[in-house]
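The values are calculated or read from the model by the stated rules, or taken from the named source; none is laboratory data. Here the structure is a predicted model, which is why all the values come from computation and not from measurement. When we count neighbours, we look across all protein chains shown, and the Cβ atoms used for this are built from the backbone with ideal geometry, even at glycine. Calculation scope for accessible area: heavy atoms of the full protein, side chains included, ligands and nucleic acids excluded. Shrake-Rupley method; radii C 1.70, N 1.55, O 1.52, S 1.80 Å.
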Amino acid sequence: LNILVDTGSSNFAVAGVPDPDVTSYFNPELSSTYRSQGIEVTVKYSQGSWTGVLGTDVITMPKGLYGSYTINIATILESENFFLPGVKWHGILGLAYDALAKPSSSVETFFDSLVRQAKIPNIFSLQMCGAGLPVSGSGTNGGSLVLGGIEPSLYTGDIWYTPIKEEWYYQVEILKLEVGGQNLELDCREYNADKAIVDSGTTLLRLPEKVFSAVVQAIARTSLIQEFSSGFWTGSQLACWDRTEKPWSLFPKLSIYLRDENSSRSFRISILPQLYIQPILVIGDNLQCYRFGISSSTNALVIGATVMEGFYVIFDRAQRRVGFAVSPCAEADGSPVSEIEGPFTTADVASNCVSSVSFHEPVLWIASYALMSLCGVILLVLIVLLLIPPRCQHRYTDNDVVNDESSLVRHRWK
């Protein structure tokens, strides 16, 4: 089975029944080592969801890790907008922390199981390739997942590390963004609203709405195109050029500044337009059409595949840091399409760009405001009851008590 590697979720799950959009599936009845736990689990992503049953089974690694290891696996029985037409994968490997595991953090993740059983270092690294290549092409664009270490042949230059701010997603701290070398001049907290994460399971670079608007304006202002459809920026339209033209020279470089392990320093990762102006479709013999590889987000800045394809990314869980190095496969027409530079001083930004109040999801903000409003209403009622004559007061019975269990937040969303 082909498995989607996702650093933005924590469950390992594979198709467990036939599905019109998958070519293969895992039949647990044919496995002598599969053990069902009988626990139903549902996982919801920013796009799509699935429901399945938790179990355990034995896995082996084709190279490097010799031996058999027992891991938790969910067999997907129902899904919605998860398996899509034309996808080449049959399941998902969540590599984030157990805090995101469903139905609870007590479900040991795939990688935690390997670290415990195989005694490998608590670190993995990921090289995603495909820069400048058609998104909907045939076959695979390659790449590597290294469990337990770093492979020197997969990067050039130095590795730059940024601290993991919180261990659930791989949450990092972004200090500023530049378009064509020009600072967006936003408050750095805007870049981390309400979190900034490194997520291989998200296709695009996703930016909080205010940041997205500023980036689009800056790109439009600095690009060499005078008239451009708004539908291209919102993702509803493609832009097409003659196949002999390469539109990337018309667009600016995009740079993201991350705080270094030394908090008084920062470094920047930069992607050229070959990574965010993405070929999608060929029309006839002459036209190549492209999409905008950046979108808006209501709850996070997400460094997704659009950016990650430019770098070898190290998830050093042992030292609570994420590393970036230039990837040798991040080339288009023989020229690099990504850069890393530093160090830079952080004197011009706040000492902490991440909100000190750690509400993980917007729903928690809503819940907090709702609870404050409810407390206000209760206080008002109590004042009224104190002021009115006792004979008018209602004597409450057990039947009047409301147990609002539904207000408990049970799910986190990507």
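Quick one: length gained pulling Ser31 to Gln117 fully straight, 0.36 nm per residue minus the C-alpha distance?
28.8 nm
Once you have the Cα-Cα distance between Met61 and Leu281, take 0.36 nm times their residue separation minus that, and quote the gain in nm to one decimal.
Length gained between Met61 and Leu281: 75.5 nm.
Dipole magnitude of region 1-120 about its Cα centre, charges +1 at Lys/Arg Cβ and -1 at Asp/Glu Cβ only, in debye to the nearest 20? Mind showing how you got there, number by number?
Details: 7 positive and 11 negative charges, 83 e Å.
In debye, rounded to 20, region 1-120 gives about 400.
By average Cβ neighbour count within 10 Å, what is the ranking of 163-169, 243-249, 78-84 from highest down?
Descending mean neighbour count gives 163-169, 78-84, 243-249.
Go through 201-209, 255-263 and give me the packing order, highest mean Cβ count within 10 Å leading.
Per-residue mean Cβ counts within 10 Å order the peptides as 201-209, 255-263.
Please give me the summed charge of the neighbours of Cys329: other residues whose Cβ is under 14 Å from its Cβ, Lys and Arg +1, Asp and Glu -1.
Net local charge, Cys329 excluded: -4.
Multiply the residue separation of Leu387 and Arg265 by 0.36 nm, subtract the distance between their alpha-carbon atoms, and state the gained length in nm to one decimal.
That pair, Leu387 and Arg265, stretches by 37.9 nm at full extension.
For region 1-120, what proportion of DSSP beta bridges, expressed in % and rounded to the nearest 5, is antiparallel?
So the antiparallel bridges amount to about 75 percent of the total.
Could you give the alpha-carbon Rg of region 1-120 over 2.2 N^0.38 Å, rounded to two decimals?
Rounded to two decimals, the normalised Rg is 1.01.
Hey, what's region 1-120 come to in accessible area per residue, 1.4 Å probe, Å²?
48 Å²
By per-residue mean of other Cβ atoms within 10 Å, what is the highest-first order of 62-73, 267-278, 35-46?
Values: 62-73: 13.5, 267-278: 23.4, 35-46: 15.4.
Ranking the peptides 62-73, 267-278, 35-46 by packing returns 267-278, 35-46, 62-73.
Counting just the Cα atoms, what span does region 121-372 cover along each of its three principal axes? Round to the nearest Å and put the largest first.
The Cα atoms of region 121-372 stretch 57, 46, 33 Å along the principal axes, largest first.
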